[in-house]
Amino acid sequence: MLSFEVLLILGVIGFYLYDSIMLFNINELLLTKSYKGWFYSFPALGFQLLKRYPLLPNPLIPHMAIFRVSWPNDAKLFDEDKFKIFSQSLKPVQLAVNILFMLLLIYLPMIALMYGSGPKLLIIFGITYLLISTILLYIFNNKDKLYMSNKRFVSFAFESLVCPPFALNMVRKISLNHPNLGDPIFFSESVFDINNQEIFNKDISKLINRRMSFLEVDSDNYIELSSYYPKLKVRK
């Protein structure tokens, strides 16, 4: 039988990965904001879970902001000023998540395996809850800049305190709560260079073709996509 320490480590990793898995519709994708720029990811269309497509963001970089977008969507201009305020307000949370990641997935396993469930492990637990409580206080004081409603904050705080591995996804959950960035094509034109824009357009055009192949030609969805597709083609 596995020891308490091993079960604890497996539990932390398991709960973190469980909370990280996202389910997408076929017309959705994930945009990631890193220090080097913007990147995009599509869900795994070859596998369905609960009639949706799973995607697991890189578990080694939970401090990166992620955004769910769908197509077609209402075109919106990317407001760089408002987004800069949001990004600046998010930075302390990103720093805290980096520290929390080291505490839960590096130091906690080391202490648990080397010293067992003794005082040193309790110290790690204490520091973890102190860090989570501190960052929750910061989020509450800046919830308007982070687009966090009171109801959403209560739910967010509850799950982070009840299950600390869930708190590793603080940055992701806050950024996913950001208002819709609009149509991904128009948004990508603001953040991608020409080469990446061409690759993105080709990738999303494949998805549109795949989606249209499952629709009746006289259906509303097919007509909507057929009128949307030329807008994509002229941007190649």
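Coordinate-derived values only; no laboratory data. Every value quoted in this text rests on a predicted model; they were computed, and no experiment measured them. Cβ: placed from backbone, ideal geometry, glycine included. Neighbour counts: every protein chain shown.
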Seminar exercise, completed: If one compares the long axis through the Cα atoms of helix 220-233 with the longest principal axis of the Cα atoms of the chain, the angle in degrees, nearest 10, works out at 90 degrees
Exercise. For Leu161 and Leu10 in the same chain, what is the full-extension length gain: residue separation times 0.36 nm, less their Cα-Cα distance, in nm?
Worked result: 52.5 nm
Seminar exercise, completed: Longest principal axis of the chain (C-alpha) makes with the long axis of helix 194-213 (C-alpha) an angle, in degrees to the nearest 10, of 80 degrees
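Once you have the alpha carbon radius of gyration of segment 4-176, what is it after dividing by 2.2 N^0.38 Å, with N set to its residue count? Don't skip to the end; give the middle numbers.
Working: Rg = 17.4 Å, N = 173, 2.2 N^0.38 = 15.6 Å.
Here the Cα radius of gyration is 1.11 times the empirical estimate.
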Problem set entry | Listed residue pairs exceeding 27 Å between alpha carbons, taken from Lys120/Lys145; Lys36/Lys173; Lys33/Lys206; Lys84/Lys151 | Lys120/Lys145
Exercise. Using only Cα atoms, what Kirkwood radius does segment 192-233 have, in angstroms?
Worked result: 10.9 Å
For this session: At 7 Å along the Cα-to-beta-carbon direction for both Phe140 and Leu17, put a label point, then send me their distance in nm to one decimal.
Result: 3.4 nm
Seminar exercise, completed: Contour minus Cα-Cα span, Lys51 to Met1, at 0.36 nm per residue, comes to 14.4 nm
For this session: State the percent of C-alpha pairs, over all pairs in segment 10-83, separated by a distance greater than 18 angstrom.
Result: 49 percent
For this session: Give me the distance in nm between label points sitting 7 Å out from Cα along the Cα-to-Cβ direction at Ile194 and Lys91, one decimal.
Result: 3.3 nm
